[in-house]
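Remarks on the structure that follows.
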Amino acid sequence: MVFSSISFLYYFLPAVLLVYFMVPRRAKNLVLLVSSLFFYFCGEPVYLLLMIAVTLSGYLHGLWINRAKNGRYAKLSLISSIFFITAPLLFFKYTGFAINNVNALFGLKIPAPKLALPIGISFYTFQILSYTIDVYRGNARVQKSFIDFSAYVSLFPQLIAGPIVRYTTIESELSDRTHSLNDAAYGIKRFVIGLSKKVIIANSLGELGDILSQLGEKTVLLFWLKAISFMIQIYYDFSGYSDMAIGLGRIFGFHFPENFNYPFISKSLTEFWRRWHISLGTWFRDYVYIPLGGNRKGTVKWLRNIFIVWFLTGFWHGAEWNFIAWGLYFAVFLCAEKLFLHRLLDKAPVLLRRVYTLFFILVSFVLFNGDGLAGCLADLKGMFGFLDVPVFNTETLYYFRSYAVTLLAAAVGSTPLPRKLADCLGKYKPAKDMLSFLEPVFQAALLLLVTAYLIDGSFNPFLYFRF
């Protein structure tokens, strides 16, 4: 089950909300836990027990770490938690990759198991790790209620696509949170916006990318159009899911962290990663980069730390060499910007800085979306005219014209311009009153439009199986 489905929107969610707001406060976390487990069961019935087992491991390790704190077994308890919590992720996500590479390196024929990746395992593994590490550091109080801890790990709003919600972020709200009509109204608005971003824009661009991939004759324009459509698609898809998670969380009384902040207006790749998938970037910063020493132990070790973090960031996204190349690609640019490129960028016009950033972001998503390293290389050659293909043809021009309005609207919508326009209009009372009236009407219209798309059975992929 995913958010962008009729079953979730009109059956599961209304039923959960009805029960949740009927039960007394002490039973609300139990309702969230049961509904979240059912939500996961609908998508991954086989791996529900795995998630429960990893959750139980995190809970018991938290108790052990708290008891062993400052004792002779303190570090052992932390190491044990890291091992047992990450072991399922390493096994299901990376076993096949490791075996295939050993076979290629040594000419062996070890059969690689065909393991389906449990949905959301990368997200909930990081959330449990943040809990045990923070208990060890003394930054979080140990959670003695297994129901409350399990509700935190399995919360369906952010279980399958993030953001990565740390335990310390919602620690107090697990036991004492408030609900209000204002929060509910904000949550509904945020959810509908995210749902619309996913279904109306991301799915449309995903359909374009699918069509382009299947065209027989390739062109330079096709490769560029495919790259641009994927870059915008993954932004609207991922940020749409984050918006939906934040909106649902607010309805249930939780304040989840923001995960995207208009990343395509960045003036450097360093700034881009402060705005893109913020919860992942800050997780690696606080639990890997800083413990390694950050930039405090000289340039050589700082460079080492950057490359370790970005190797892990790429590998977290997928067990393929193109994801590792994607991560190291950013490591190179972030180091270059810090060491010398920032001097040139600071002197360059803002427009040039943004063009530079968008260009290299676009190239990065070609690496991200490629079919292995060979596929990435072929796509890049096609973009820059190193393949024996025409610049354009009739088919490519047709699809470019057909989707031009969608691409333009999506590009504008990825900037703060619509919000700034609304803020400017809100300064005038007549316009403010009109916006107050039109906003719920607009939200209802968007929900009806999304429903029509879903009933029609339109293209509706789920991009996060790899995570």
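The values are calculated or read from the model by the stated rules, or taken from the named source; none is laboratory data. Not measured: the values here are computed from a predicted model. Here the Cβ positions follow ideal geometry from the backbone for every residue, glycine too, while neighbour counts run over all protein chains shown. Each accessible area value is taken on the protein alone, full model and side chains, heavy atoms only, with ligands, DNA and RNA left out. Shrake-Rupley method; radii C 1.70, N 1.55, O 1.52, S 1.80 Å.
Assorted remarks:
- Residue check for residue 217: open to solvent by 40 Å² or more (accessible area, probe 1.4 Å), outside any loop (DSSP other than H, G, I, E, B) and modelled with pLDDT under 95: no
- Any chance residue 152 is under 22 Å from residue 53 (Cβ atoms) and crowded, with 20+ Cβ neighbours inside 10 Å: yes
- Any chance residue 36 is at pLDDT 95 or above, polar (S, T, N, Q) and under 27 Å from residue 203 (Cα atoms): yes
- Per the listing 108, 159, 129, 115, the residue uniquely part of a loop (DSSP other than H, G, I, E, B), open to solvent by less than 20 Å² (accessible area, probe 1.4 Å) and on the phi < 0 side of the Ramachandran plot is 159.
- Top-ranked residue of segment 230-282 - restricted to ones that are charged (D, E, K, R) and surrounded by fewer than 21 Cβ atoms within 10 Å (Cβ to Cβ), ranked as nearest to residue 173 (Cα to Cα): 258
- Condition broken by residue 260, with the remaining ones in (1) at pLDDT 95 or above; (2) part of a helix (DSSP H, G or I); (3) not polar (S, T, N, Q) satisfied: (2)
- Residue that is least open to solvent (accessible area, probe 1.4 Å) [pool: residues in segment 82-105 that are of a type in the set (Phe, Trp, Tyr) and within 21 Å of residue 43 (Cβ to Cβ)]: 92
- Just one residue in the set 412, 355 is of a type in the set (Val, Ile, Thr), modelled with pLDDT of 90 or more and within 24 Å of residue 204 (Cβ to Cβ); that residue is 412.
- Against the numbered list (1) surrounded by 13 or more Cβ atoms within 10 Å (Cβ to Cβ); (2) part of a helix (DSSP H, G or I), residue 351 comes up short only at (1).
- Residue 79 vs. criteria open to solvent by 60 Å² or more (accessible area, probe 1.4 Å) and either in contact with a Pro (Cβ under 9 Å, 6 or more places away or on another chain) or farther than 25 Å from residue 113 by Cα (or both): yes
- Condition met for residue 97 (touching a residue at least 24 places away in the same chain (Cβ under 8 Å) and either closer than 23 Å to residue 112 by Cβ or among the hydroxyl-bearing types (Ser, Thr, Tyr) (or both)): yes
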